Amino acid sequence: MKLRINPEVKKALDNKQPVVALESTIISHGMPYPRNVETALMVEKVIRDNGVTPATIGIIDGVAVIGMTPEEIEEFGKRKGITKVSRRDLPVIYAKKLWGATTVAGTMILAHQAGIEVFVTGGIGGVHRGAEKTMDISADLQELAKTDVSVVCAGAKAILDIPLTLEYLETMGVPVLGYQTDELPDFYTRHSGQKVDYRVDSPKEIAEIIKEKRDNKLAGGILITNPIPEEYAMDQKVIDKAIKDALEQMEKEGIKGKDSTPFLLKTIVELTKGDSLNSNIQLVLNNAKLGANIAKELSKI
Ligand code: PSU
Ligand code: MN
């Protein structure tokens with residue numbers, strides 16, 4: 001394993017201090033420059049302000065980096081042609097010595113190898129609408145089933161088929177927790193109409209569940225879903241319409257596979273004149289705070 005662990009992250013891990021992992025696909029494929037970089041740095045700041053060490057993960061010249069520097073984050077935000085890296089891409093990117101932005105799945109693998117148990121993102125990939133025909137199901141779901149990293153998110157992205165995503169997670173044995181909610185949040189909005197498996201009300205309670213999973217050798221992650229703060233949530237009608245239009249445009253342009261999620265996110269930002277980007281940024285910051293507090297509680301028990 002060729003991991004380049006940032007000295008600050010290494011020190012925290014060696015001293016059993018809390019560390020939170022962050023992904024890089026959200027930087028290079030999820031948001032436009034320069035707000036992607038601003039957001040990534042703000043997320044790190046929120047984590048630090050809560051007394052936890054952030055580790056933004058990505059691949060530079062074929063080397064997995066655990067804890068990028070601000071300069072590297074800037075480069076990830078600007079550089080063209082960085083490969084979006086999920087599990088299947090890792091060996092190729094290493095051998096070809098390329099740059100890779102890690103998805104939820106890719107980041108979980110590397111976080112686990114580095115010994116990081118908590119990971120914060122915006123939304124996970126899931127079962128796409130129309131998957132009964134396209135079979136487009138994110139590798140994030142398989143990863144949650146086997147890799148021991150807990151993921152804090154604002155629900156599965158609303159562009160997905162949420163009920164099918166929940167069914168898939170159930171089949172794969174992934175616990176889905178709702179933070180201070182009984183309902184699965186819907187990324188841009190607080191409500192999806194779908195129930196979560198369990199409601200949890202404090203970071204401590206979540207840390208105890210993570211510990212039980214670890215102690216009982218139940219492989220895989222836990223999905224912690226955290227609703228976007230009310231003041232930043234989008235109008236349901238506006239976002240529903242934007243998603244519908246973006247999906248139609250995707251179909252027309254024949255966009256498929258790994259390009260789907262970046263295309264949809266970008267088109268929705270355009271259609272909502274930037275409103276969805278603002279919501280996306282706020283929900284990630286909100287997740288960073290929760291993730292940091294979970295990591296802190298976990299380091300105490
Ligand atoms: N959440 C966001 N923005 C993103 C993503 C998630 O707010 O860009 C990324 C994550 O990296 C996630 C990926 O793992 O989209 C899912 O891609 P796919 O559907 O191709 O597996
Ligand atoms: Mn896919």
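Quick notes on this structure:
- Residue under evaluation Glu170, criteria (1) closer than 25 Å to Asp201 by Cα; (2) in contact (Cβ under 8 Å) with a residue 40 or more places away in the chain; (3) among the charged types (D, E, K, R), criterion not met: (2)
- Count of the range 132-151 residues which are more than 11 Å from ligand 1 (Cβ to nearest atom), surrounded by fewer than 22 Cβ atoms within 10 Å (Cβ to Cβ) and of a type in the set (A, V, I, L, M): 2
- Residues of the range 203-232 that are farther than 19 Å from Val174 by Cα, in contact (Cβ under 8 Å) with a residue 24 or more places away in the chain and surrounded by fewer than 21 Cβ atoms within 10 Å (Cβ to Cβ): Lys204, Pro229, Glu230, Tyr232.
- The criterion of being away from ligand 1 (no atom under 15 Å from the Cβ), touching a helix residue (DSSP H, G or I) at 6+ places or on another chain (Cβ under 6 Å) and farther than 24 Å from Ser86 by Cα holds for Ser192.
- Restricting attention to the range 11-38, the residues being among the polar types (S, T, N, Q) and either surrounded by fewer than 24 Cβ atoms within 10 Å (Cβ to Cβ) or not in a helix (DSSP H, G or I) (or both) number 4.
- Residues (in a loop (DSSP other than H, G, I, E, B) and in contact with a Ser or Thr (Cβ under 6 Å, 6 or more places away or on another chain)) located in the range 166-195: Leu184, Pro185, Tyr188
- The range 105-131, residues that are within 8 Å of ligand 1 (Cβ to nearest atom), among the hydrophobic types (A, V, I, L, M, F, W, C) and either touching a Cys at 6+ places or on another chain (Cβ under 6 Å) or farther than 13 Å from Arg88 by Cα (or both): Ile124
Any read-out appearing in this document is the output of simple, stated calculations on the displayed coordinates, not a laboratory observation. The structure displayed is predicted, hence computed values, not measured ones. Counting neighbours? That spans all protein chains shown, and the Cβs are built from the backbone with ideal geometry, glycine included.
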